[in-house]
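Participant: Below is the structure I would like to discuss, written out as structure tokens.
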Amino acid sequence: MKTIAFILLTAVILSFAACSGIPFIIEKYEPQAVTANPIGSKVGTAPCSPTGIQEAANNAGITRIATVDIKTVYDGKTKTTTQMYVVSGE
């Protein structure tokens, strides 16, 4: 009996949480490129575009790129997805 009551209570709480519009954000990083250059302490970001990697490097003052990732962010409240290049190096 306690198990059934627990399951019902959990279902009710989850249904209220689903309707309350609780915002959630999901971030995912996907590696795109790695070089033999040292990673360094500089990190730059820029929107995904044909020149996005160069923009991200310029934004952080990076002259030798070590890694390139794509950061995807999903905002559950507004139902939007954005993608950015994340570049690290020296």
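Participant: Could you please find all residues in the range 68-90 being in a strand (DSSP E or B) and more than 13 Å from ALA33 (Cβ to Cβ)?
Facilitator: Those that are in a strand (DSSP E or B) and more than 13 Å from ALA33 (Cβ to Cβ): LYS71, THR72, VAL73, TYR74, ASP75, THR80, THR81, THR82, GLN83, MET84.
Participant: Condition first: closer than 24 Å to THR81 by Cβ, outside any helix (DSSP H, G or I) and among the polar types (S, T, N, Q). Now tell me which residues in the range 28-67 satisfy that.
Facilitator: Selection gives GLN32, THR45, SER49, THR51, THR67.
Participant: Mind listing just one residue for me: the one in the range 42-90 that is farther than 29 Å from PHE24 by Cα and without any contact (Cβ under 8 Å) to a residue 12 or more places away in the chain and, of those, surrounded by the fewest Cβ atoms within 10 Å (Cβ to Cβ)?
Facilitator: Among residues in the range 42-90 that are farther than 29 Å from PHE24 by Cα and without any contact (Cβ under 8 Å) to a residue 12 or more places away in the chain, the one surrounded by the fewest Cβ atoms within 10 Å (Cβ to Cβ) is PRO50.
No value in this document is a laboratory result; all are computed from the given coordinates. None of the values given here were measured: they were computed from a predicted structure. Backbone-built Cβ (ideal geometry, glycine too); neighbour counts: all protein chains shown.
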